[in-house]
Structures are given as structure tokens and as C-alpha cells.
Amino acid sequence: MSELPAGVERREFDGESRLSTRGEPVYGEPTDGAWRAWDARRSKLGAMIELGMATGLAGGETVLYLGAAAGTTVSHVADFAGPTYAVEFAPRPMRDLLDVAASRNRLFPLLKDARSPETYAHIVEPVDVIVQDVATRGQAAVANTNARFLNENGRLLAVIKARSEDVVAAPSDVFERELDTLRESYEILETERLEPFHDSHLGVVARPK
Amino acid sequence: MTDAGSDSGWFTSIPPDDLDAARTAIEHGSTETPADWPANALETAFAESRADYYDTLHEATTHTARAAVEAHERADDQQLIRSVRAMDDCDRTANELAERVQEWAGSLFPDAGTGIDGAREIATRESSDATERRVIELAGRVVELADEADDLREYIRQTAPSVAPNLARLAGSVLAARLIGLAGGLESLAKKPAGTIQVLGAEDALFAHLRGRAPSPKHGVIFTHEYVHGTRAEDRGSAARALAGKLAIAARGDHYRGEFNPEIEAQLEARMATIRARADADGSEDADE
Ligand SMILES: C[S@@+](CC[C@H](N)C(=O)[O-])C[C@H]1O[C@@H](n2cnc3c(N)ncnc32)[C@H](O)[C@@H]1O
């Protein structure tokens, strides 16, 4: 088991030990004082940490988050990390993400397409961590084109959803293919299937080549 | 660098407190590679400290995203238009096919009912041969189409109030969607005078009138509103005019401000009460003609 980042703690919620961070609640998660549970079933990064993957997260780092959606996961990230740039290209979830950002003054919402990093490179600084959960075809390619944002010793924490690439192929084949593409820009450090929290998703930790 | 924008941060040529300039820069700027923008902002005196820079960035990014989200929601009128058209297509096709089913089923099952309800009942039957199976399957398709129309209607009921709160309140969601569709969008509906809104959907009758071949139409699609079709014939013109007037105000409020204003409805109710009081004054037997 790797250590939890500063700002993330295991605490008891309704008699169950769960990950938690400190911040305004976002999605109806249980709270305990200033702490709120981080639901690994609703958050793939939460599942990666819950499964003990070596994310390298220590707390306080600068983060680029790709595929922020309504902010379920990025809200927890902003709770324990430093400046957090949240890219999401769909206006509907962005509306909710704005509520999440209202109480988090180091969370910067960007309505941008993660496939076109040149449209936000004038805003996003080089970061320590890229978290990626875009769940659309071409996931590895998105990570590759965003590698330019990662500091030399930075980490990519990516989730690959098999069904987003190919609904009929065996997930393991899809993962192999995507990992091959990822190797163009990254060295893969660790991979792990996210069951039982998320079916047919692969968690990936990588560093820039 | 020849192109000033190509190698610089979003803040390079804007004053620190100009949110709209920041929005333009955030939305339209671009550069290939990131840089240490916070440090750069300090060097160029855009910000006094990193904390100051991040505060400004937070304000600028949330302002920009909010403006874009709001612009998108205004554009949702196009989704509403498509869904009301799809609903009409489903309804019409379901009814047409139901007639086919009825005609065919009548030759096989003497007790077959009519319309969508008839198709619903036939769809539940067991077939005893290949012919019956085809009719029953076809009835099943009718039911699916009719259900899809209902789902679309429900979707319109749920979304119209967020696209056009005042219009949806006054006209009902489906009629609001139809009016927006006939105008081609909320913005163009908001720019139409009340007299035009009154006859939207009656274009054929209007052109016949303009060519001198028919009386001027008193109402278009707003006839489906209870305030119009539920008013006795001699007062319908007044009712249609009153309703169209308030619909025009509602459309303008929805497009330009987007906030619900209960006043409009209250005024329309008062006006309708006056118009309908005429019928009561003329005697109650005339009122329900
Ligand atoms: C599975 S959801 C992310 C859930 C989120 N990470 C969480 O755990 O709270 C994937 C999101 O990525 C967004 N997305 C997909 N492709 C994208 C792209 N090219 N650029 C930006 N966002 C994208 C989708 O709109 C969707 O909101």
C-alpha cells in the first residue's frame, strides 16, 4: 500500500473506513465535520488510490485534470492538491463544475477540448500531475498530446475505459493497444484493473519519456 | 515573435480587472507550449504575487466558463425545436400505422379496436400463425412509436421551462416549443411583433388573405391554447390578440433576461377574465358555444 497524499485521510463514515478530503460537499457524499467521503465507486482516481496504486501524489501539487465532468473527482483533487486546472468540453457538466469551483479558489475550470492543448497552453502552466478520465475514443492519444504539460518528474494518472475505444473487443486487447500508443510519450510504471469499483477500466500510472 | 498572441500567456495584453477582455483572451488565445505563467505574470507586473495571480485566474476562468455555459443554454432552443418536430413525426407516423394495423387486424380478429389503443391491445395478443404474427409485431411498433412520442413530450415539458421560462409558463411547454420552432429560434421569436406571433402557423391563410382571397386569419398555432379555443367564437380574436401580446413580452424576457416574471401571467389572466366576462354578460347559454 502506498501512503496517502497529505490532505487525504481514511476516516470512519457510518462505521466504514473510507477515503476522505476536506472541502465543501459536492455530490451528496457523507461528511464528518470538515471531512467528506471520497466515493471510490464514483471516482476512478479514488479507486486507484483505494487499490493502493503508487500514484506518487503527496498533496499540494499542480494538477491538470482532463475530463472533469461535473467535478466529482476533481473536487477531491482540488481539496488536497495545489492549483488545479480542470478541462471539460461539455457545457452541461461545466455548469455543475462551476458550483464546485465556487468554493475552491485554486480550481480553474476550462471549457476546452483536451484533444487541442494549444487552445489552453496559454493558460495552463507546466504541472506535476495530469489526471485523465475522458472516456471517449482515442484516450491514449489525448494523454500523448497533453504530455507537453508534464514536468520532467511528473506523473500521468490515466484511466482507460475499454468500451470507449471498442464495444466488442475484449477489454484486455483494448488496454494493450492503448498502452502501446501511450508508450510513444510515456514510460508505464503501473497498471491495474479498477474492479470491483469500475468494470472494464484500467488505471495507469506513467511518467514522461 | 511576429505574432504577439502566439507565444504569450492569456494575460499578456489585458488590464488585470477587465473580465471581458480576459474572456476573449481565454477563449480565443492559443500557443503550442505551456510556460510558467504565474512567474511570467509577476515579471510583467500583471500580478503582485502568485496568490494574487491565482485569484485573478480563478475569477477570469469562472467568468469565462459561466458566460459560455449561459450562451450554450440559450442555444438549447434548437434542441427544443428538433424534439418537438420529432414528437410530431412520431405521433403522425404512429397514427398512420395504427390505421394500417386496424384495417389488417380487422380482417383477422373481429373484436379488434381502433387507433393507438386498439394497437396497444393487439400487441399483447398471442399469434397462432405467421400472418397474425406480422400484424401483432406491427402493432408493437405502433405502440413503441406512440410511447416515444410520449417520452419526447415529457422531455419537452422538462426542458422548455429552462430554455424559455416565461413562454413555457404562458403557452405550456409544447406550444412554447412550437412557437420557437415556427420562428426559427427564441431570438427571432423575441424580435417578432405580437401580430406576427398571433398568426404563426397560419401562413397559408395569411398569404391567401394578402392575395385578397380570404379574410385575415385571427390565430395560428396559438389556437391550441385554451384561452383561444376555449373562448366563444366572437371573442376569439380578442383572446388571441391578448395572448399573443403577452407571448411576445414573454419571448423577449426569455431571450434578453432569461428570468421568470410572474407579472406577465397575472396581467394575461386579468385581461382574459375581462374578455370572458363579455360572454357572461351576454347570457350563459352563449358562453359554451
Ligand atoms: C467519465 S466522465 C469523467 C468523470 C470525472 N472524471 C469524475 O470522476 O468526476 C468523462 C468526461 O470527459 C469529458 N470529455 C470527453 N472527451 C473530452 C475531450 N476531448 N475534452 C474535454 N473533455 C472531454 C466528457 O464530456 C465527460 O464529462
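Worth a mention:
- Listed residues B:31, B:51, B:71: farthest to the positive end of the dipole of region B:19-74 (Cβ charges): B:71
- Surface/4 of the Cα convex hull for region B:171-220, nm²: 3.5 nm²
- For region A:138-155, 3J(HN,Hα) per residue [Karplus equation, 6.51 cos²θ - 1.76 cosθ + 1.60, θ = phi - 60°, Hz, x = Gly/Pro]: x, 4, 5, 5, 4, 4, 5, 5, 8, 4, 4, 7, 8, 4, 3, 9, x, 10
- Simple Cβ-charge dipole of the protein assembly as shown, Lys/Arg +1 and Asp/Glu -1, about Cα centre, in debye nearest 20: 1000 debye
- Square roots of 5 times each gyration tensor eigenvalue, C-alpha, chain A, largest first, Å: 25, 20, 16
- Loss of accessible area when B meets A, both sides summed, Å² nearest 100, probe 1.4 Å: 2400 Å²
- Residue-by-residue Karplus 3J(HN,Hα) for region B:206-217, coefficients 6.51, -1.76, 1.60, Hz, glycine and proline x: 5, 5, 4, 5, 5, 7, x, 9, 7, x, 5, x
- Label-point separation, residue B:28 to residue B:103 (7 Å along Cα→Cβ), nm: 5.9 nm
- As computed over the protein assembly as shown, the Cα convex hull volume per residue (Å³): 257 Å³
- Mean projection area, nm², convex hull over Cα of chain B: 27.0 nm²
- Over every Cα atom in region B:99-201, the radius of gyration and the widest Cα-Cα span, Dmax, amount to 20.2, 61 Å.
- Per-q log10 I(q)/I(0), region B:161-289, q = 0.17, 0.20 Å⁻¹ (Debye; single scatterer per alpha-carbon; no solvent): -0.86, -1.09
- Applying 1/(1 + (r/R0)^6) with r as the Cβ-Cβ distance of residue B:274 and residue A:176 and R0 = 60 angstrom yields a FRET efficiency of 0.20.
- Nearest-0.05 FRET efficiency for residue B:86 and residue B:137, computed from C-beta distance (R0 30 Å): 0.85
- Spacing of the modelled spin labels on residue B:95 and residue A:42, each 7 Å from Cα toward Cβ, amounts to 4.4 nm.
- Global size of region B:31-92 as Cα Rg and Dmax, reported in angstrom: 21.4, 67
- The gain in end-to-end length when the residue B:259 to residue B:111 segment is fully stretched comes to 47.9 nm, 0.36 nm per residue minus the alpha carbon separation.
- Spin-label pair residue A:183/residue B:42, simplified geometry with 7 Å Cα→Cβ offset, distance in nm: 4.2 nm
- Average accessible area per residue (Å²) across the protein assembly as shown - probe 1.4 Å, nucleic acids and ligands excluded: 48 Å²
- Straight-distance crosslink candidates among lysines, where the alpha carbon sits under 20 Å from residue B:192 and sequence neighbours closer than 8 are dropped: B:218, B:246
The values are calculated or read from the model by the stated rules, or taken from the named source; none is laboratory data. As the structure is a computational prediction, the values presented were derived from the model and not from experiment. All Cβ positions, even for glycine, are placed from backbone atoms using ideal geometry, and neighbour counts span all protein chains on display. For accessibility, only protein heavy atoms count, side chains too; no ligands or nucleic acids. Shrake-Rupley method; radii C 1.70, N 1.55, O 1.52, S 1.80 Å.
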